[in-house]
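What follows is one structure encoded as structure tokens, with my remarks underneath.
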Amino acid sequence: MDDYTWRIKMHQRRRRVRRERFAVLMLVVLSICGAIWYFGLYARTPEYAAKKLEQALEEKDIETFRKYAALELVLSDAYDDLTVDLFHNDTSLTPQAKSLFEKFYVLIKPQLVGATEDVICKRVSGGMWVMPEGGDMLKGRQLGIDYEEFLERSLLRSTRIKSLGEVTKENGSASIILEVLEENSHTPFTLELGMEKNDEGDWQVVSIKNYRTYLETVSPRIHQEVTEYVQATAGIVAKYNEILQSKQWDATYMSYSATGQLTKEQRTGLANYLENSVIPIVKKRQEELNQIPVPRGAMYLSNLRKESTDLSIRVWQHYVHGLRDDNIAEFNTAESLLKQMLATEQRIEDIIHRAAVSKAIPNMP
């Protein structure tokens with residue numbers, strides 16, 4: 001290789017090395033710029049917060065979910081909307097009565113909001129709706145309300161997220177479009193989530209802007225379908241209520257004792273009567289109810305009736321075992337199940353009453 005050729009090749013090599021170094025430098029610069037954009041700019045946008053919320057729900061990441069959803073703020077506003085809706089269509093209440101109820105719900109707001117926040121967090125992290133348990137004040141009706149029914153009326157458990165829509169920004173705030181389906185009434189709806197920046201500069205969902213409109217759209221449809229279902233099953237319910245009332249009188253007569261203690265023959269006779277005459281009637285009643293078509297909006301009521309029937313049968317079965325074996329543990333179990341059954345029956349009555357006193361609405365497509 002002559003000297004000229006060698007110099008040409010060296011020059012080309014130096015140019016190639018410079019180009020490679022420049023390319024590497026550009027990659028580094030672009031990476032740094034990308035990181036600055038992602039962590040310094042994009043990560044501080046409502047679009048990023050919306051994406052992280054979506055991922056948190058998919059991955060059951062409760063910490064990330066709580067970071068980008070200000071649950072206490074969301075639930076506080078939603079609670080106010082819900083408590084207004086609770087009495088909005090109730091024609092049986094006077095203005096004074098409505099005012100008293102509204103004041104009562106203001107008093108118990110901290111407990112209900114806190115409990116609902118806990119229920120939502122357990123749902124996000126574990127995938128299950130877990131109701132208050134143990135000595136929780138909201139178990140049963142210790143606060144004077146049925147929290148299970150309160151949660152059902154919020155539509156929280158029956159709302160399924162279909163898709164996350166566009167994010168819009170205006171005057172320092174933002175909104176996310178959320179397409180949902182209310183599964184009880186099979187009603188599609190577009191929710192608008194309000195977003196604000198927190199003190200750390202992260203965007204958070206702070207409200208459901210049209211939650212009350214959502215309630216006012218769905219609740220009347222559910223009331224209407226509940227009313228239709230109640231009317232369709234009224235004959236069955238009335239017939240078996242009369243039969244079971246007669247059976248109860250017979251059982252009361254059979255269990256009469258001047259001393260307050262049943263003889264062995266009485267216990268055996270009463271056990272046989274309950275097993276052969278009462279339990280089959282309870283089962284037959286449910287079988288006939290199962291033959292009635294259930295509108296989507298009345299599915300919760302229908303399921304409660306099935307639950308009540310199951311509890312009733314179990315009550316009588318344990319009572320029968322207690323009579324035959326003179327076993328106090330069986331009687332205690334029957335009593336515990338009876339309390340659950342009565343709570344379920346009360347919930348059923350509340351739903352039927354609410355549908356009955358709600359304002360009539362026009363036929364909907």
FRET efficiency for A329 and W129, using Cβ-Cβ distance with R0 set to 25 Å, rounded to 0.05: 0.20
Low-density loop cleavage sites - GluC sites (Glu not before Pro) in segment 162-271, where at most 10 other Cβ are within 10 Å (DSSP): E200
Coil-residue chymotrypsin sites (Phe, Trp or Tyr not before Pro) of segment 252-301, DSSP, other Cβ within 10 Å capped at 13: Y256
Full-stretch length increase - A238, A258 - with 0.36 nm per residue and alpha-carbon distance subtracted: 3.8 nm
Above-threshold pairs, the threshold being 19 Å between Cα atoms, out of K51/K162; K109/K197; K247/K283; K52/K197; K51/K169: K109/K197
Distance in nm between pseudo-label sites at E196 and E102 (7 Å out along the Cβ direction from Cα): 2.3
Size of charge dipole - segment 188-305 - debye, nearest 20, with Cβ of Lys, Arg +1 and Asp, Glu -1, no other charges: 600
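Between E47 and E349, how high is the FRET efficiency from 1/(1 + (r/R0)^6) when r is the Cβ-Cβ distance and R₀ = 41 Å? Nearest 0.05.
0.30
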Sequence-distant aspartates and glutamates (8 or more away, or on other chains) whose Cα lies within less than 15 Å of K103: D80, D81, D85
Kirkwood Rh, Cα atoms: Rg over Rh of segment 222-357: 1.04
Span from the segment 196-244 Cα centroid across to the segment 245-286 one, whole angstrom: 39
Segments 321-327, 233-239, 110-116 sorted - mean Cβ within 10 Å per residue, highest first: 110-116, 321-327, 233-239
Label-point separation, Q340 to K169 (7 Å along Cα→Cβ), nm: 5.3
Quotient of C-alpha Rg and 2.2 N^0.38 Å, computed over segment 47-209: 1.10
Segment 222-357: relative contact order as a whole-number percent, Cα under 8 Å and 6+ apart: 32
Gain upon complete extension [D77, T217; 0.36 nm per residue less C-alpha separation]: 48.6 nm
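Values quoted throughout were computed directly from the atomic coordinates according to the rules given, and no laboratory measurement underlies them. Here the structure is a predicted model, which means the values were calculated and not measured. All Cβ positions, even for glycine, are placed from backbone atoms using ideal geometry, and neighbour counts span all protein chains on display.
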